[in-house]
1. Could you list, ordered by first residue, the pairs with Cβ atoms under 7 Å in which the first is in the stretch 13-27 and farther than 19 Å from C3 by Cβ and the second is within 14 Å of the ligand (Cβ to nearest atom) and in a strand (DSSP E or B), at least 6 apart or interchain?
2. Within the stretch 83-94, can you find the residues that are in contact with a helix residue (DSSP H, G or I) (Cβ under 9 Å, 6 or more places away or on another chain), free of Cβ contacts under 8 Å to residues at least 40 places away in the same chain and more than 8 Å from the ligand (Cβ to nearest atom)?
3. For residues that are part of a loop (DSSP other than H, G, I, E, B) and either within 13 Å of the ligand (Cβ to nearest atom) or surrounded by 14 or more Cβ atoms within 10 Å (Cβ to Cβ) (or both), tally how many sit in the stretch 103-113.
4. Out of curiosity, is G61 closer than 22 Å to V18 by Cβ and touching a strand residue (DSSP E or B) at 6+ places or on another chain (Cβ under 9 Å)?
5. Tell me which strands (runs of 3 or more DSSP E) are completely within the stretch 8-102 and hold 3 or more residues being out of contact with any Pro (no Cβ under 7 Å at 6 or more places or on another chain) and exposed (fewer than 14 other Cβ atoms within 10 Å of the Cβ), or say none if there are none.
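FYI, it's all coordinate maths here, none of it is from the lab. Because the structure is a prediction, the values reported are computed rather than measured. Note that each Cβ is placed from the backbone with ideal geometry, even for glycine, and that neighbours are counted across all protein chains shown.
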Amino acid sequence: MDCVFCKIASKEIPADIVAEDVEFLVFKDINPKALVHLIIIPKTHLGPVNSLGGESKNLLGGLILKAKEAAAIVGVAENGYRLIFNVGRDAGMEIDHLHLHLLAGKLRALSKI
Ligand code: AMP
C-alpha cells in the first residue's frame, strides 16, 4: 500500500519521532500549522474516523492517551494544546491513515475564530 504514514511507521521514510511504542508513533508534522504540531498514528494502517466502528474504540482511546503523553514530552501539557481529527476532504484531510493532530503554542481560542 502506498501510504506515507505506513512508510514512516516502518521507517522506510524518515520522520522527526517524538515518542514510540509497539502500537503508536508520534512525530513532528513536516509542515507545522502551530509552534508545536505533532501527528499521532497507529502503526497499523487504519482508515480515517468516518470509516471506523465500535471495534476500534480501544485503539481510538489509546491514540488520545498517546497524544496526552506526547504533550507532556514536548512540554505543552500544562499550558494546553488542541487535538484535531480532520475527517474527510472538506476538513482538509489529505492522508487516509488514521491520525490525530496535536497543536500547541499561540493558538487562538475556537470561540474567537
Ligand atoms: P491531514 O490533512 O489531516 O490528512 O494531515 C496530514 C498531515 O500530515 C499534514 O499536516 C501534513 O503536513 C503531514 N505530513 C504529510 N507528510 C508528512 C511527512 N512525511 N512527515 C510528517 N508529516 C507529514
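1. V18/V26; V18/F27; V18/K28; V18/L38; A19/V26
2. Result: L83, V87.
3. Residues meeting the conditions: 2.
4. On the way: closer than 22 Å to V18 by Cβ: yes; touching a strand residue (DSSP E or B) at 6+ places or on another chain (Cβ under 9 Å): no.
It is false that G61 is closer than 22 Å to V18 by Cβ and touching a strand residue (DSSP E or B) at 6+ places or on another chain (Cβ under 9 Å).
5. Once the strands (runs of 3 or more DSSP E) in the stretch 8-102 are filtered for at least 3 residues that are out of contact with any Pro (no Cβ under 7 Å at 6 or more places or on another chain) and exposed (fewer than 14 other Cβ atoms within 10 Å of the Cβ), nothing remains.
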